[in-house]
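The values are calculated or read from the model by the stated rules, or taken from the named source; none is laboratory data. No experiment lies behind these values; they were computed from the predicted model shown. Using ideal geometry, Cβ is built from the backbone for each residue, glycine included, and neighbour counts are taken over all protein chains shown.
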Amino acid sequence: MSQLTLYRRSLAELPELALPAGYELRGYQPGDEVSAAECLSAAFGESWTREKVLAELAENDSTWRMFVIISDQQVVATATARSTEIPGQGYVHWVAAHPDHAGKRLGYWVTLAVLRECAANGATWAILTTDDPRLPAIQTYLNLNFEPVILDNTHSQRWAQVLTQLGKESMITSLLAAGLFTLTEGKPVPIWPVNLPLDSKGVARKDLGAETVKHDPREGQEPVDITGNVSNPTLTLYKPAANVDTGAAVMVCPGGGYYILASNLEGTEICQWLNRIGVTAVLLKYRVPSADTDRYGPPLQDAQRGLGLIRSQAETLGIDPKRIGVIGFSAGGHLSANLGAHSARSYAKVDAADDASCRPDFTMLIYPAYLNDVVPAKDNPPTFILQTADDPIPVENTLGYAAALAREKVITETHIYPVGGHGYGLRPSAIPVSHWPELAAGWMKANGWLKN
């Protein structure tokens with residue numbers, strides 16, 4: 001049976017711990033892998049080693065904490081807390097309680113200990129995963145105000161019978177309906193529930209460590225904010241003023257060679273421009289650096305998931321689901337072109353948001369990179385392309401891509417300026433190419449995407 005995921009909306013006002021007499025709570029943390037392995041072996045009836053614990057926990061999360069309940073020197077219950085890079089999320093797993101102590105609610109108490117640990121570390125809500133279909137175990141999580149959530153249809157069917165037996169089938173909800181992925185003005189929202197999908201080669205992505213932000217000085221300009229080690233991608237919503245809102249939306253993909261993200265120059269500053277011309281902007285922070293085994297796969301998954309989330313919330317956001325485009329810069333331009341060429345998702349369905357199309361209605365590529373790696377689709381969106389002849393990225397790639405779009409009879413507008421280089425964003429300068437935002441806005445208006 002696949003895993004069941006449960007979602008607790010808030011970690012506020014958790015009950016106090018009150019273990020029965022004769023039971024003791026112990027905690028383990030990084031450095032205690034041998035003791036943790038012994039506890040897991042006792043709890044799950046299988047062999048755990050220090051190396052296995054390191055592989056499952058320590059290599060991916062340096063903040064894990066395991067709690068066990070001891071009675072007569074025996075491990076009778078265990079659960080593990082993990083923090084993640086997703087804002088406010090606590091992650092609970094590896095919960096087990098010995099059936100011989102069923103009347104003592106040990107699963108409840110050890111899970112509560114984990115929730116309290118998550119809250120103490122700043123988490124405000126929690127995800128719990130389990131593959132234990134026994135009714136008492138599931139009832140324990142429901143008693144702790146967890147809600148079962150659907151990750152895919154197969155998952156739902158397998159677990160619906162268990163929940164029906166508990167009389168709780170009406171509690172089955174989706175992560176989207178639970179509000180986990182609801183886009184909110186100015187707030188980074190995670191786009192994946194718990195575990196990131198495998199890349200196109202079937203490789204699980206490892207945690208890169210703490211996300212980094214550096215400030216790269218620019219003479220006579222604001223520094224460029226460089227974001228690195230992005231393991232958990234997000235979307236951030238920027239809404240235009242109501243009196244200029246056209247109902248159109250654009251997802252913004254910063255560049256950075258698939259190693260970093262130029263998060264203000266090609267991100268927030270672009271969102272502000274889009275707002276000024278009446279367009280809802282949604283900034284995508286996608287996974288970088290890309291793995292050597294699959295440079296383009298994980299970012300494409302993030303872009304597909306992001307576009308679908310935006311479209312699935314179109315009514316709530318006040319946008320037209322048929323006027324949602326994408327703009328990308330440098331590597332983000334490649335990502336945007338790749339998104340337009342791949343309307344079929346490259347990951348397994350997560351929730352109802354993935355029923356919405358992830359094909360952008362139009363695409364804008366600004367000094368794009370790696371276009372020689374993109375093969376346009378027959379249903380490729382209309383495309384606006386801008387580059388300069390002195391760009392260190394060969395302009396021949398852009399010209400070849402534009403020709404490929406023409407062969408597919410895709411509406412395309414291409415501008416090649418003589419000078420300007422690379423990585424200029426939309427910051428004003430004396431160089432004519434800096435006027436590209438006017439061209440792009442005119443193109444969107446001429447094609448009907450900026451109508452009120």
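Taking only region 402-420 into account, find how many residues are farther than 29 Å from ALA430 by Cβ and either part of a helix (DSSP H, G or I) or in contact with a helix residue (DSSP H, G or I) (Cβ under 9 Å, 6 or more places away or on another chain) (or both).
7
Any residue in region 322-345 that is in the same structural domain as VAL288 (by TED's automatic domain parsing) and outside any helix (DSSP H, G or I) sitting within a Cβ distance under 8 Å of a residue that is aromatic (Phe, Trp, Tyr) and buried (at least 24 other Cβ atoms within 10 Å of the Cβ)? List the pairs, counting only those 6 or more apart or interchain.
Sorted first by the residue in region 322-345, then by its partner, the pairs are PHE329/TYR367; SER330/TYR367.
If PRO223 passes every condition in (1) modelled with pLDDT of 85 or more; (2) exposed (fewer than 13 other Cβ atoms within 10 Å of the Cβ); (3) under 16 Å from the mean Cα position of the chain (by Cα) but one, which one does it miss?
(3)
Only one of ARG134, ARG105 is surrounded by fewer than 23 Cβ atoms within 10 Å (Cβ to Cβ), under 21 Å from GLU46 (Cβ atoms), basic (Lys, Arg) and over 29 Å from the mean Cα position of the chain (by Cα); which?
The conditions single out ARG134.
Going through ILE385, ILE366 one at a time, which residue ends up being closer than 23 Å to ALA446 by Cα, crowded, with 23+ Cβ neighbours inside 10 Å, among the β-branched types (Val, Ile, Thr) and in contact (Cβ under 8 Å) with a residue 60 or more places away in the chain? Explain how you work it out, then say what you get.
Values: ILE385 fails: in contact (Cβ under 8 Å) with a residue 60 or more places away in the chain.
Step by step, each of ILE385, ILE366 is checked, and only ILE366 is closer than 23 Å to ALA446 by Cα, crowded, with 23+ Cβ neighbours inside 10 Å, among the β-branched types (Val, Ile, Thr) and in contact (Cβ under 8 Å) with a residue 60 or more places away in the chain.
Quick check on this structure: which one of TYR424, TYR417 is under 32 Å from the mean Cα position of the chain (by Cα), aromatic (Phe, Trp, Tyr), modelled with pLDDT of 95 or more and assigned by TED's automatic domain parsing to the domain that holds ALA337?
Just one listed residue meets the conditions, TYR424.
Would you please name the residue that is nearest to ASP390 (Cα to Cα), looking only at residues in region 421-445 that are charged (D, E, K, R) and assigned to a helix (DSSP H, G or I)?
Step by step, filter region 421-445, then rank; the result is GLU438.
Scan region 14-32 and report the pairs whose first residue is within 17 Å of LEU54 (Cα to Cα) and whose second residue is surrounded by fewer than 15 Cβ atoms within 10 Å (Cβ to Cβ), with Cβ atoms within less than 9 Å and a gap of 6+ or a chain change.
Cβ pairs passing all conditions: GLN29/THR63; PRO30/SER62; PRO30/THR63.
Listed here are the residues, each with its yes/no results for (1) touching a helix residue (DSSP H, G or I) at 6+ places or on another chain (Cβ under 8 Å); (2) charged (D, E, K, R); (3) buried (at least 23 other Cβ atoms within 10 Å of the Cβ).
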| site | (1), (2), (3) |
| --- | --- |
| THR227 | no, no, no |
| GLY247 | no, no, no |
| ARG305 | yes, yes, yes |
| LEU309 | yes, no, yes |
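Mind checking which pairs have a first residue in region 33-47 that is farther than 14 Å from THR80 by Cβ and of a type outside the set (A, V, I, L, M) and a second that is modelled with pLDDT of 80 or more and assigned to a helix (DSSP H, G or I), Cβ under 7 Å, 6 or more apart or different chains?
Qualifying pairs under 7 Å: SER47/SER41.
Any residue that is more than 21 Å from PRO428 (Cα to Cα), in the same structural domain as ILE366 (by TED's automatic domain parsing) and among the basic types (Lys, Arg) - is there at least one of those in region 267-283?
Looking only at region 267-283, we keep the residues that are more than 21 Å from PRO428 (Cα to Cα), and these are 280, 282-283.
Right, trim to in the same structural domain as ILE366 (by TED's automatic domain parsing) and you get 280, 282-283.
With the extra rule that they be among the basic types (Lys, Arg), the set shrinks to none.
Scanning region 267-283, I find no residue that is more than 21 Å from PRO428 (Cα to Cα), in the same structural domain as ILE366 (by TED's automatic domain parsing) and among the basic types (Lys, Arg), so the answer is no.
Go through the residues of region 66-82 one by one and say whether even a single one is among the aliphatic types (A, V, I, L, M), at negative phi and at pLDDT below 75.
The answer is no; no qualifying residue exists.
In region 347-363, which residues are crowded, with 19+ Cβ neighbours inside 10 Å, touching a residue at least 60 places away in the same chain (Cβ under 8 Å), out of contact with any strand residue (DSSP E or B) (no Cβ under 7 Å at 6 or more places or on another chain) and not in a helix (DSSP H, G or I)?
Within region 347-363, TYR347, VAL350 qualify.
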